[in-house]
Amino acid sequence: MASGEETLVHEILSGDVNSYALLVKRYQKPIYNLMLRMTGSEEDALDLTQETFVRAYEKLEKFNPSASFFPWLYTMGLNLARDFLRRAKGSPIESYELENSSSIESDHDDRLADQIDGQHLLQALQTLPIDYREALLLRFHEGLSISEVAYALGLSVSAAKMRVHRGVLKLRRLLMKQ
């Protein structure tokens with residue numbers, strides 16, 4: 001964990017709630033974007049973002065300070081979103097634009113990203129199975145390392161690599177059909 005985060009977590013656990021506001025400010029947008037992608041509703045995204053930070057605060061003493069904070073928080077948010085979607089089964093997902101377009105690391109994937117229109121990417125992402133969509137969004141939209149993706153999704157590192165790889169292949173096939 002970054003030394004700044006480690007200090008903030010220590011201060012929060014020592015009773016300084018103002019330090020928690022700094023963590024909220026730092027991660028509010030990525031958690032909100034996760035919730036918006038998962039629910040398609042701004043109202044639900046706001047509610048779930050708030051619930052994620054409340055739950056994280058309540059469980060902060062269980063956080064391992066030697067780990068990165070964001071994947072832990074993201075995992076918590078992802079689980080809340082999944083629970084919400086299970087309860088609201090069958091509700092339609094609205095269309096919305098992705099903020100901060102993803103950056104894909106390899107030259108081939110860079111060319112692919114340059115060739116596609118953002119709306120086509122969004123449509124293709126929405127048709128991917130949730131497991132692949134989550135892995136790709138964590139890796140490329142949120143910029144997490146493969147080990148952080150593995151942690152956030154509760155997978156081994158090799159399983160996370162495979163999920164990202166297969167997700168890219170499925171996305172590439174979908175985009176070539178459009």
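Throughout, read-outs are computed from the coordinates displayed, never taken from laboratory work. All of these numbers come straight from a predicted model, not from anything done at the bench. All Cβ positions, glycine included, derive from the backbone under ideal geometry; neighbour counts span all protein chains shown.
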Quick check: net charge around A152, other residues with Cβ under 11 Å of its Cβ, Lys/Arg +1 and Asp/Glu -1? -2
Would you list, by chain and number, the lysines whose Cα falls below 17 Å from the Cα of K161, excluding same-chain residues fewer than 8 positions away? K170
Run the reach check for K29 against lysines, Cα to Cα strictly under 22 Å, same-chain hits fewer than 8 apart removed. What comes back? K59
Segment A67-S14, length gained on full extension (0.36 nm per residue, minus Cα span): 17.2 nm
Considering only the other residues whose Cβ falls under 15 Å of the Cβ of A21, what net charge follows from Lys and Arg at +1 and Asp and Glu at -1? 0
